[in-house]
Amino acid sequence: MSELDDAKWAHRALQDIHRSVDTLLGMRASGAGKAVIIAASVALKDELKTANRSGSYKGKKMPIEGPGRFLASAIQRASADFRMRSDTDPSKVVWSATLNELKAYFSDYSGRIRKECPEVE
């Protein structure tokens, strides 16, 4: 795969994760049940931790060079900073603050890919 293909894939992956966090935040606003939101939070946390440990995201090895490398950096940072307990009540400030922080990471790293490789969009 070329560096451009890697960058495009990494950019899409960051956008997908960003949307997942947005969806999770939206679940609280829509009145979804606490257990459902907690389960979705746990799934996201597990997905990020697993991707960080394995170096793969959704079955594909994350690039370690070129603009696509920012996906691994974003996942590593998000995994390290996703410290809230899995059973954190979604009504707590720490829940939304943590997710908003993760969202900012994904936006930032997505922007870094676009800056190095404007062709991704």
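Computed from the coordinates by the stated procedures, all read-outs in this text should not be read as laboratory data. Computed from a predicted structure; not experimentally measured. Using ideal geometry, Cβ is built from the backbone for each residue, glycine included, and neighbour counts are taken over all protein chains shown.
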Original post:
So how tilted is helix 93-116 from the main axis of the chain? Cα-based, degrees 0 to 90, rounded to 10.
Top reply: 10
Subject >> Under 30 Å from the Cα of K60 - lysines, other chains or at least 8 residues apart >> reply: K8, K45, K49, K103, K115
Subject >> Principal-axis tilt of helix 3-29 within the chain, Cα atoms, nearest 10 degrees >> reply: 10
**OP:** Could you tell me what fraction of 2.2 N^0.38 Å the Cα radius of gyration of region 17-121 comes to, as a two-decimal ratio?
**Re:** 1.11
Original post:
For E47 and E119, what is the calculated FRET efficiency with R₀ set at 25 Å and r taken between the beta-carbons, to the nearest 0.05?
Top reply: 0.35
Original post:
If amide H atoms are built 1.01 Å from N in the plane of the peptide, which residues on other chains or at least 5 residues away come under 5 Å of the amide H of S56?
Top reply: M62
Subject >> Cβ-placed point charges (K, R +1; D, E -1), dipole of region 62-121 about Cα centre in debye, nearest 20 >> reply: 140
Original post:
To the nearest 20 debye, what is the magnitude of the charge dipole of region 1-111 about its Cα centre, counting +1 on the Cβ of each Lys and Arg and -1 on the Cβ of each Asp and Glu?
Top reply: 260
Subject >> Förster radius 22 Å - calculated FRET efficiency between K61 and T88 (Cβ-Cβ, nearest 0.05) >> reply: 0.10
